[in-house]
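Student: One structure, pasted below without further comment.
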Amino acid sequence: MSSKKAAAGSSSKSKSKKADNKIDPNEQIILAAAAAGGEKGCFDEDLQKAQPALSNEERVAIINKLIAQRLLDIYQVGGKLAYKTKAQDSNEPTELKGADNEEKIVYGLIKEAGNKGIWMRDIRFKSNLQPTVLNKILKSFENKKMIKAVKSVAAHKKKVYMLFELEPDSTLTGGSWYSDQDFESEFVDVLNQQCYRFLLELRQKHESDPTVKKKGPVYYYNMISATPSQVCKFISELGISKVSLSEEDISTILDTLLFDGKVERRVVPGGGGYIYRATERLVDSAGLICLPCGVCPVMSSCNIKGEVSPLSCPYLKDWGLKVIVKQQGSDDI
């Protein structure tokens with residue numbers, strides 16, 4: 001007897017679920033109006049024209065039901081709410097099923113931002129949610145590992161939100177040149193030196209080969225030049241980088257050498273990018289230009305018999321003039 005009652009109860013529950021999932025004529029009209037708007041969707045006045053017999057309360061109840069059933073999507077356009085039919089997303093997290101409209105709006109905004117993320121201020125502006133409500137939703141999403149907060153190198157105190165599984169864009173992390181929001185100046189200097197060494201050795205190799213020059217200036221220029229791809233391969237084989245460097249990263253380093261006047265760049269015929277070669281200085285820089293005294297902050301206190309003395313200056317020692325300074329000092333004494 002009890003089993004029959006249980007069976008009857010289960011069948012009645014299944015019938016009620018089917019009845020809930022069944023779309024009534026009014027819902028079909030609302031969905032048809034949203035579908036007619038295409039990608040742009042439709043506004044509330046369009047839905048009102050499509051079914052004028054419905055009151056505002058009835059129309060809002062139908063819209064909320066369709067959104068809960070994931071048949072209708074809601075977003076903002078110019079400060080107005082818009083609706084469009086929602087394509088079923090098989091990749092949507094299970095945690096979002098059964099979520100309310102506010103959570104779905106916030107999740108949709110974060111998802112649309114991609115790996116560049118979205119500021120909390122922009123989420124609040126587009127969703128029109130109160131800060132306390134928005135903070136609660138974001139914290140809930142973070143605890144469920146649906147989204148994550150990423151700090152930007154451009155603004156340390158601000159965070160952007162993106163889906164948890166996405167890798168942040170290089171504009172946020174700074175790419176290969178940043179580690180924990182800090183610029184790796186020493187790493188960049190090493191790469192700068194090694195890239196220049198590769199181009200310089202390539203030039204010296206072919207300059208000593210007379211057969212290369214005999215084949216004409218164009219052939220010679222191409223032989224002593226290298227593409228970012230070739231330089232990238234050389235750096236990768238050196239194993240000096242713990243992170244994987246792309247051709248774009250190496251192009252950035254080569255451009256710094258270009259601005260320093262150490263290399264020159266030329267467009268590859270046919271629009272195939274750039275090639276780089278080490279340059280020769282027409283005139284060697286005067287030694288006085290490289291003198292560290294010109295940028296020394298305590299130069300006014302520097303003298304032979306003082307605490308700050310050119311005889312004990314480590315910068316002059318590195319410059320290679322310690323012997324000359326000592327000789328001059330002994331003559332003056």
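Student: Looking at the structure I just gave you, is residue 199 touching a residue at least 60 places away in the same chain (Cβ under 8 Å) and under 13 Å from residue 276 (Cβ atoms)? Before you say what the answer is, go through the steps one by one.
Tutor: Working: touching a residue at least 60 places away in the same chain (Cβ under 8 Å): yes; under 13 Å from residue 276 (Cβ atoms): yes.
For residue 199, the condition - touching a residue at least 60 places away in the same chain (Cβ under 8 Å) and under 13 Å from residue 276 (Cβ atoms) - is met.
Student: Open to solvent by 40 Å² or more (accessible area, probe 1.4 Å), farther than 30 Å from residue 158 by Cβ, of a type in the set (Lys, Arg) and part of a helix (DSSP H, G or I): which single residue out of 197, 203 fits that description?
Tutor: It is 197.
Student: Can residue 58 be described as in a helix (DSSP H, G or I), surrounded by 13 or more Cβ atoms within 10 Å (Cβ to Cβ) and over 40 Å from the mean Cα position of the chain (by Cα)?
Tutor: Answer is no for this residue.
Student: Here is a further query. Could you run through region 92-121 and say how many residues are in contact (Cβ under 8 Å) with a residue 12 or more places away in the chain and part of a helix (DSSP H, G or I)?
Tutor: Matching residues across region 92-121 total 18.
Student: For region 88-106, state whether one or more residues are modelled with pLDDT of 80 or more, among the basic types (Lys, Arg) and surrounded by fewer than 17 Cβ atoms within 10 Å (Cβ to Cβ).
Tutor: no
For (1) at positive phi; (2) assigned to a helix (DSSP H, G or I); (3) among the polar types (S, T, N, Q); (4) open to solvent by 40 Å² or more (accessible area, probe 1.4 Å), each residue gets a yes or a no:
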{"position": "218", "(1), (2), (3), (4)": "no, yes, no, yes"}
{"position": "221", "(1), (2), (3), (4)": "no, yes, no, no"}
{"position": "235", "(1), (2), (3), (4)": "no, yes, no, no"}
{"position": "244", "(1), (2), (3), (4)": "no, no, yes, yes"}
{"position": "257", "(1), (2), (3), (4)": "no, yes, no, no"}
{"position": "265", "(1), (2), (3), (4)": "no, no, no, yes"}
{"position": "269", "(1), (2), (3), (4)": "no, no, no, yes"}
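Student: Name, by its number, the condition in (1) part of a helix (DSSP H, G or I); (2) farther than 22 Å from residue 82 by Cα; (3) free of Cβ contacts under 8 Å to residues at least 60 places away in the same chain that does not hold for residue 165.
Tutor: Residue 165 satisfies all of (1) part of a helix (DSSP H, G or I); (2) farther than 22 Å from residue 82 by Cα; (3) free of Cβ contacts under 8 Å to residues at least 60 places away in the same chain except (1).
Student: Which of (1) of a type outside the set (D, E, K, R); (2) more than 26 Å from the chain's Cα centre (by Cα); (3) open to solvent by 40 Å² or more (accessible area, probe 1.4 Å); (4) at pLDDT 85 or above does residue 227 not meet, given it meets every other one?
Tutor: Of (1) of a type outside the set (D, E, K, R); (2) more than 26 Å from the chain's Cα centre (by Cα); (3) open to solvent by 40 Å² or more (accessible area, probe 1.4 Å); (4) at pLDDT 85 or above, only one is false for residue 227: (2).
Student: Now for a separate question. Identify, please: which residue in region 127-137 is within 26 Å of the chain's Cα centre (by Cα) and buried (at least 17 other Cβ atoms within 10 Å of the Cβ) and is, among those, modelled with the lowest pLDDT?
Tutor: Checked region 127-137; the qualifying residue modelled with the lowest pLDDT is 127.
Student: Exactly one condition in (1) under 30 Å from residue 152 (Cα atoms); (2) out of contact with any Pro (no Cβ under 7 Å at 6 or more places or on another chain) is false for residue 268; which is it?
Tutor: In the conditions (1) under 30 Å from residue 152 (Cα atoms); (2) out of contact with any Pro (no Cβ under 7 Å at 6 or more places or on another chain), residue 268 misses (1) alone.
The values are calculated or read from the model by the stated rules, or taken from the named source; none is laboratory data. What you see is a predicted model; the values in this text were computed from it and never measured. Glycine gets a Cβ as well: all are built from the backbone with ideal geometry, and neighbour counts include every protein chain shown. Accessible surface is based on the protein model in full, side chains and every heavy atom, while ligands, DNA and RNA are left aside. Shrake-Rupley method; radii C 1.70, N 1.55, O 1.52, S 1.80 Å.
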